[in-house]
């Protein structure tokens, strides 16, 4: 976060072909961000950048960070309606750089992306359904939106597929991890209910 002329700013790099998606039809995406988070957005198409600033001095910094994360998610390829999941405090954006796992050979990347997407998009859809996340596969990365634990489980699943693990092994891993997450959530709910009774 940069501070210029006493006003904090966040600069978000956006590919030129995604700037339109950040603005939205008739500016509706930009307007929704302004309305929900009280931020000011400056679209710098010359430098392919969006500048996020608070609309007023009392706007909390977290609002600027949320706006920046939503813009980043759109920049990575998510449709705005999925990116807006990040308005919820529980939701995070996670990026897996496939080049770090398989190098930057176009053939390797293509093969690995094929494994992650699966035939007819089935593998990606299965991971999304099991973890309750949204997943976008880009040219050399995978972007994931979800609550922290489930997004991390989806990230691990994507990494396992990129490393060459079998789909069935990955689904078994997810099944195990998600059972554990649900067990912890149930315990938290139970503890909360118990506490509320006092």
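Laboratory data are not the source of any read-out in this text; all were calculated from the coordinates shown. Keep in mind that what you see is a predicted model, and the values were worked out from it rather than measured. Glycine gets a Cβ as well: all are built from the backbone with ideal geometry, and neighbour counts include every protein chain shown.
Placing R0 at 25 angstrom, the Cβ-Cβ distance between residue 104 and residue 126 gives a FRET efficiency of 0.35 after rounding to 0.05. Placing R0 at 35 angstrom, the Cβ-Cβ distance between residue 34 and residue 140 gives a FRET efficiency of 0.65 after rounding to 0.05.
Using only the alpha-carbon atoms of region 22-63 as identical scatterers, what base-10 log of I(q)/I(0) does the Debye formula give at q = 0.18, 0.24 Å⁻¹? Results for region 22-63 at q = 0.18, 0.24 Å⁻¹ read -0.51, -0.82. Diagonalising the gyration tensor over the Cα atoms of the chain and scaling each eigenvalue by 5 before taking the square root yields semi-axes of 32, 26, 13 Å, largest first.
Answer rounded, prolate or oblate for region 141-183, using the Cα gyration tensor with square roots of eigenvalues a ≥ b ≥ c: rounded when a/c is under 1.5, else prolate when a/b is larger than b/c, else oblate. Taking the square roots of the gyration eigenvalues as a ≥ b ≥ c, region 141-183 is oblate. Label-to-label distance, residue 26 versus residue 178, with points set 7 angstrom from Cα along the beta-carbon direction: 3.8 nm.
Pairs of Cα atoms under 8 Å, at least six residues apart: use those to get the relative contact order of the chain, whole percent.
Values: 272 pairs, mean separation 31.0, N = 198.
With pairs under 8 Å counted, the relative contact order is 16 percent.
What is the distance in Å between the Cα centroid of region 68-109 and that of region 128-198? Using only Cα atoms, the two centres lie 16 Å from each other.
Fully extending the segment from residue 169 to residue 16 would add 51.2 nm, taking 0.36 nm per residue of separation and subtracting the current Cα-Cα distance. Remark: the Cα gyration tensor places region 91-189 in the prolate category, a/c being 1.5 or greater and a/b exceeding b/c.
Over region 19-115, consider all pairs of different Cα atoms and compute the Kirkwood hydrodynamic radius from their mean reciprocal separation; express it in Å, one decimal. Value: 14.9 Å, from the Cα pair sum. Using the rule -39500 (n - 2.57) for each DSSP H run of four or more residues, divided by the residues of the chain, the 222 nm mean residue ellipticity is -16500 deg cm²/dmol.
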